[in-house]
Amino acid sequence: MDTIDRLPPPLPAEQIIALNQPKADLHTLRSYEWNGWTFDVPPGVFLPGATSRMIHERVLDGRIEVRGRRYAAMGTGLGVEAVAAAARGARSVHAFDVHAESVATTERHYRRLAGSPEGTTFTGVVADVFDGFDGGPFDVVTFNPPAVSRTVSDDPDVVRNVCVGAGLLERFFRQLAERDLLAPAGEVYVIASNTADLRGIAGHAVANGFTVEVAHRHDWQDGVLTYLFRLTRGGGA
């Protein structure tokens with residue numbers, strides 16, 4: 001049985017909707033603290049949750065190794081992983097988001113918290129996935145996508161950050177492959193749970209030439225299972 005067959009189907013619709021109700025403070029100014037850093041959160045920019053911290057922690061401690069490598073943070077939001085990558089010693093950091101204010105917020109946090117670390121460059125990119133981007137390739141790409149399979153709000157900011165669905169990942173994988181945006185020994189890390197179509201997401205990756213493995217699985221004890229996938233091309237180690 002392969003990786004896709006072992007993945008669980010999405011939870012029932014009513015459970016997905018109940019688990020992903022947006023907080024009422026989305027359109028207010030907030031703050032976020034992690035690893036001794038304080039981040040300002042402008043209206044419309046999402047606070048990282050526990051799944052995002054799985055990526056942040058791994059970038060900072062090297063379980064997702066970015067030291068000396070070209071790193072792309074897709075869906076950068078506040079920019080926590082961009083700051084963590086600079087602290088880890090990434091060769092370059094590209095911060096992508098479809099939301100211009102999120103990219104601007106990331107750049108502000110990067111300049112204030114990471115400064116101008118020697119040997120690391122930073123580029124903020126406003127783009128819908130990689131549309132219009134002319135650059136690369138990358139050694140490491142991370143993405144905590146808004147892949148929830150049910151619409152949980154009619155607020156476009158909530159939809160953008162929570163429930164675009166698995167189709168977004170199909171475009172992400174296709175653009176990575178068709179544009180050769182991943183270096184030969186590169187790695188892609190995508191995190192998603194069974195509030196999304198996990199089998200569809202993994203299937204899109206395989207269809208675009210990626211090998212999929214489960215790097216981490218977390219059971220939240222409420223029915224939600226979160227998977228951190230590691231993707232490579234050509235059987236990369």
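Restricted to the range 81-97, and to residues that are in a strand (DSSP E or B) and of a type in the set (A, V, I, L, M, F, W, C), which residue is farthest from VAL45 (Cα to Cα)?
Let us first name the residues in the range 81-97 that are in a strand (DSSP E or B), namely 90, 92-97.
Checking the rest, the ones that are also of a type in the set (A, V, I, L, M, F, W, C) come to 90, 93, 95-96.
Values: ALA90: 25, VAL93: 20, ALA95: 14, PHE96: 14 Å.
Within the range 81-97, the match that is farthest from VAL45 (Cα to Cα) is ALA90.
ARG233: buried (at least 17 other Cβ atoms within 10 Å of the Cβ) and basic (Lys, Arg), yes or no? First the steps, then the outcome.
On the way: buried (at least 17 other Cβ atoms within 10 Å of the Cβ): yes; basic (Lys, Arg): yes.
So ARG233 fits the description; yes.
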(message) For the range 4-14: of the residues being assigned to a helix (DSSP H, G or I) and open to solvent by less than 60 Å² (accessible area, probe 1.4 Å), which is nearest to ASP222 (Cα to Cα)?
(response) ALA13
(message) Looking at the range 24-80 only, could you name the residues that are within 17 Å of the chain's Cα centre (by Cα), part of a loop (DSSP other than H, G, I, E, B) and closer than 20 Å to GLY186 by Cα?
(response) GLY62, ARG63, ILE64, GLU65, VAL66, GLY75, THR76
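Matching residues to (1) surrounded by 17 or more Cβ atoms within 10 Å (Cβ to Cβ); (2) touching a Gly at 6+ places or on another chain (Cβ under 8 Å):
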| site | (1), (2) |
| --- | --- |
| ALA185 | no, yes |
| TYR189 | yes, no |
| ALA196 | yes, yes |
| HIS204 | yes, no |
| ALA207 | no, no |
| PHE210 | yes, no |
| HIS216 | no, no |
| GLY223 | no, no |
| PHE229 | yes, no |
(request) Output the number of residues of the range 15-37 satisfying the condition of being open to solvent by 70 Å² or more (accessible area, probe 1.4 Å) and over 23 Å from THR151 (Cβ atoms). (result) 5
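The values are calculated or read from the model by the stated rules, or taken from the named source; none is laboratory data. Quick caveat: nothing in here was measured; it's all calculated off a predicted structure. Virtual Cβ from ideal backbone geometry, glycine too; neighbours counted across all protein chains shown. Only protein heavy atoms, including side chains, enter the accessible area calculation; ligands, DNA and RNA are left aside. Shrake-Rupley method; radii C 1.70, N 1.55, O 1.52, S 1.80 Å.
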